[in-house]
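The structure appears right after this line, and notes come after that.
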């Protein structure tokens, strides 16, 4: 399952927004990242999934040049974060997963400081974002809840003119309403041509926001593809009520049907693989009702994890 | 314009962030200097105290700067500039240096800053200059407190001797700040850096003050920065230029070592 995402076709002018090649990061004997390859296309939302400790934050901190890779190559819009760090960070907005802000400053003071370091932030956009996020920038950061501090970091990222956003667990501490607002902001950013690299262990938000996904486990990418592709690899629960007795023998002979249960007219199983053979059997027998549960990313995720381990 | 704003933020931001600590040190220095000089009229020309001190071994008198205590220079040396003021400058230097870099990194507060379009070199240069700026501000505070209270309480001593002495104490503080910055460039261990910085300040004093008591150790007293700063008795004698260089050159070298090391390592996250 240790496979990189399929490379995208692009000319030299159409470099990917982010390209990581054989990235390795060791901390002494601890191998945090063990050879990651991925490409993120311009203007897409790329979900970077995995549980805590999988290596997501380490990878992200290498992208920002906060960590120095043990080996491997990172390119952000064709630039090397090590050699062109200032230019890369001008093009990238970052929301850290572990957020620590200067406590004695107000939100407005921090916005001013970051604006000076970045060479400007869109003040109209800043005000608009503060309104949308329900954020009072006049309050000291130490007096804000963790959710409101997270909003300050999101505001700083979305008010920048960055071409790439790197968001590490961006909805930590946000209430459901604000999570919805965040997803809306991500969609707007994508529509405006911004590339979003969204790291999360919250599968539902990635499922709702991302175009493509890579799943990380113990420092390696164990699966990647579009959200639909990932779902397609997952198992589906199938429940069928026939008009007459279930054709148990025919169904038993089908490939990819596990945990089969036949109870009179009812047939239930877990399907992995293509559904076509099952549909062909069903077409030959009158069916009263049928239920096929669409797998969500969470199931896909867990399946992939089981397969990987 | 962008570059100016960036540098302003890199330099003024950390300077402003330390204003509480700066205010605390300012109050401490002013109180110390004014209250010490306020007692000068009581000691002025007193021979009794000098006679009492004469019962102590010469080495002990030298170690604590108590020789010639009834003279203006002797009084200021023993009361302020032999131990307490340089020690306070050294402690301020270590604390400012440690808080500006290592403590911030250890708390995870550099993560967002260093993800902005700045180099680590410019970041640490800005922080170092902010620390040295605070030591300069404290030097001005001590100098003004000293000159004003000298005048108010009739302590007659040449202004250039006071200026020399205060500047040398501040430069000593700058050297210990640079040690903290150099260590912070190498690793983010604020507790360790604090212990090493303050420990080296104390050892520096002990080497300069106590080694002269032993004939065997006396030559080694000159390895201490305290000896470079105050070994020429600047309250009495004009300071040789090499003493300034001996403090400034290693300070610059240590900051450059810190910057080079910081540029090469991983940044610690929270």
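Which count do you get for residues in the range A:74-87 that are more than 16 Å from residue A:57 (Cα to Cα) and either under 21 Å from the mean Cα position of the chain (by Cα) or facing chain B (nearest Cβ under 8 Å) (or both)?
6
In this structure, does residue B:270 turn out to be within 14 Å of chain A (Cβ to nearest Cβ), under 19 Å from residue B:127 (Cβ atoms) and touching a helix residue (DSSP H, G or I) at 6+ places or on another chain (Cβ under 9 Å)?
yes
Would you mention how many residues in the range B:146-172 are within 18 Å of residue B:32 (Cβ to Cβ) and surrounded by fewer than 14 Cβ atoms within 10 Å (Cβ to Cβ)?
Residues in the range B:146-172 being within 18 Å of residue B:32 (Cβ to Cβ) and surrounded by fewer than 14 Cβ atoms within 10 Å (Cβ to Cβ): 2 in total.
Taking the range B:215-262, which residues are part of a loop (DSSP other than H, G, I, E, B) and surrounded by 12 or more Cβ atoms within 10 Å (Cβ to Cβ)?
Answer for the range B:215-262, where residues must be part of a loop (DSSP other than H, G, I, E, B) and surrounded by 12 or more Cβ atoms within 10 Å (Cβ to Cβ): B:217, B:224, B:231, B:232, B:233, B:234, B:235, B:236, B:239, B:240.
Among the candidates B:181, B:193, B:162, single out the residue that is within 20 Å of residue B:66 (Cβ to Cβ), in contact with a helix residue (DSSP H, G or I) (Cβ under 7 Å, 6 or more places away or on another chain) and assigned to a helix (DSSP H, G or I).
B:162
Would you mind finding the one in A:104, A:140, A:149 that is in contact with a strand residue (DSSP E or B) (Cβ under 8 Å, 6 or more places away or on another chain), within 14 Å of another protein chain (Cβ to nearest Cβ), farther than 23 Å from residue A:39 by Cα and at pLDDT 95 or above?
A:140
Show me the helices (runs of 4 or more DSSP H) entirely contained within the range A:199-255 in which 1 or more residues are under 30 Å from residue A:175 (Cα atoms).
A:203-209, A:227-232
Pairs, please: C-beta under 6 Å, at least 6 apart or cross-chain, first residue farther than 14 Å from residue A:57 by Cα and in the range A:23-38, second modelled with pLDDT of 95 or more and in a strand (DSSP E or B)?
Partner pairs satisfying both residue conditions: A:35/A:22; A:35/A:24; A:37/A:21; A:38/A:20.
For (1) within 30 Å of residue B:156 (Cβ to Cβ); (2) more than 14 Å from every other protein chain (Cβ to nearest Cβ), each residue gets a yes or a no:
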| residue | (1), (2) |
| --- | --- |
| B:181 | no, yes |
| B:202 | no, yes |
| B:232 | yes, yes |
| B:238 | yes, yes |
| B:253 | no, yes |
| B:259 | no, yes |
| B:262 | no, no |
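At least 2 residues that are within 14 Å of chain A (Cβ to nearest Cβ) in each: list the helices (runs of 4 or more DSSP H) lying fully within the range B:1-89 that qualify.
B:2-17, B:19-38
The values are calculated or read from the model by the stated rules, or taken from the named source; none is laboratory data. Note that the structure is predicted; figures quoted are calculated from it, not measured. No Cβ is skipped: glycine too gets one built from the backbone with ideal geometry, and neighbour counts run over all protein chains shown.
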